[in-house]
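As structure tokens, the structure follows; a few thoughts come after it.
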Amino acid sequence: MLPKADLHLHQEWSPRLDRVLARRHHRAPFDWGAWRRTLTTEVSPGMARLQHLTRTQPAPADADTDDAFVDRVADALTDSAAAGGCYAEVRFSEETVRRPRFMPLFRRAEQAVRQEFPDFHAEPVASLVMWHERQRLRRAVNACRRAADEGLAGVDLLYVPYAEEADWRVGRAVAAEAASAGLGVTVHAGEFSPANIAAVASIDGVSRIGHATHAAYDPKLLRLLADRGITVEVCLTANLVLGSVPSLAEHPLRAFLDAGVPVALGTDNPVQFGTSIDREYGQAAQLGLSAGELSDLTRNGVRAAFTSQQRRDALMALVDGSERASRLA
């Protein structure tokens, strides 16, 4: 099986915790399939659907004990590894990153998964919400700097307005501070319009953009991303469910590749959207990508990963070895 990298995976704390609690209490978990059918038939595509993602929380926050946290993170990582993933980055809210012993608990979950999937690696990323008031944002940035010393891999900047041009002065400062602490920087942008893509791509320290779907319709934006070597985290199922693109056949993944833009895949919210990293690669294959191009998506993910050089080398060797074995088979 081709090793796969997932560079855009949200923690989905309540959906994951609900799955953990459902197993513990021998009950059925929340029905996300029915939720998706309602979302896609009754809610307008675009921002309206995006805003629905956090409105359904089937598990209560007070059930998120340390053991439950480890179990729900392990649930996400096990899903990724079992689907052929060799690497995954999980995005956590800044509140979660401030949790006592966050990094040791994350590593405990990763290690539990590696007992069964020894070639699998994972890293945590903190999602920073730029519209929070200045004092709260400062606490979040400070927490990320402290967590960086313990192994936090990167930050993901979330801004409003999301589908219109935003003022990136604060975002620029946060990106610079994160980069100075050794953290990788990615930004959500361009999912529902071309707004913010050019601004984000020009920020020092930013090496990746989540979605950037609408950059593919503007040759200047494609050239900018290619020239700056910005990796686009493409989440095919998420784009379909939320209505960023009307159909898989019309997804611009190929346009990114043809323009020389590095692309890696992600599952986004796999429990809510009903996907896996294996399914994302399968959909890329449906768009006409060859086996070699699919391997290159993993290589792109490994190169752009917010991880150590030692892990990056091991992952790249795994991908290269898998491709050689496939050719000899």
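The values are calculated or read from the model by the stated rules, or taken from the named source; none is laboratory data. This one's a predicted model, so the numbers in the text were calculated from it and none came from an experiment. Quick reminder, even Gly has a Cβ in these numbers, built from the backbone with ideal geometry, and neighbours come from all protein chains shown.
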**Study point:** Residues of region 195-214 satisfying the condition of being hydroxyl-bearing (S, T, Y) and out of contact with any Pro (no Cβ under 7 Å at 6 or more places or on another chain)
**Key:** S202, S207
Practice item. Please state which of the following conditions G260 fails to meet, knowing it meets all the rest: (1) on the phi > 0 side of the Ramachandran plot; (2) touching an Asp or Glu at 6+ places or on another chain (Cβ under 6 Å). Key: (2)
Check your understanding: Which of the residues that make up region 229-239 are part of a helix (DSSP H, G or I) and small (G, A, S)?
Key -> A238
Practice item. Within region 11-19, identify whether any single residue is surrounded by fewer than 18 Cβ atoms within 10 Å (Cβ to Cβ), over 19 Å from the mean Cα position of the chain (by Cα) and not acidic (D, E), and answer yes or no. Key: no
Revision key, fill the gap. Within region 247-297, residues being surrounded by 20 or more Cβ atoms within 10 Å (Cβ to Cβ), assigned to a helix (DSSP H, G or I) and of a type in the set (D, E) number 1
**Study point:** Hey, V234 touching a strand residue (DSSP E or B) at 6+ places or on another chain (Cβ under 8 Å), of a type outside the set (F, W, Y) and under 17 Å from G154 (Cβ atoms) or not
**Key:** no
Exercise for review: Return yes or no: is R37 charged (D, E, K, R) and within 16 Å of N239 (Cα to Cα)?
Suggested key: yes
Review point. Only one residue in A178, A153, A140, A148 is touching a Pro at 6+ places or on another chain (Cβ under 9 Å), farther than 27 Å from P252 by Cα and either of a type in the set (D, E, K, R) or surrounded by 15 or more Cβ atoms within 10 Å (Cβ to Cβ) (or both). Which one?
Key: A153
Check your understanding: Y159 versus (1) modelled with pLDDT of 95 or more; (2) over 26 Å from R311 (Cα atoms); (3) in contact with a helix residue (DSSP H, G or I) (Cβ under 7 Å, 6 or more places away or on another chain): which is the lone unmet condition?
Key -> (1)
Exercise for review: Please specify each residue of region 71-87 satisfying the condition of being out of contact with any Phe, Trp or Tyr (no Cβ under 8 Å at 6 or more places or on another chain), aliphatic (A, V, I, L, M) and either under 12 Å from L9 (Cα atoms) or part of a helix (DSSP H, G or I) (or both).
Suggested key: A74, A76
Check your understanding: What are the pairs, 6+ residues apart or on separate chains, where a residue within region 41-70 that is aromatic (F, W, Y) has its Cβ under 6 Å from a residue that is assigned to a helix (DSSP H, G or I)?
Key -> F69/L105
Exercise for review: With the condition kept exactly as written, say whether any residue in region 79-91 is surrounded by 15 or more Cβ atoms within 10 Å (Cβ to Cβ), within 23 Å of R279 (Cα to Cα), of a type in the set (A, V, I, L, M) and in contact with a Pro (Cβ under 8 Å, 6 or more places away or on another chain).
Suggested key: yes
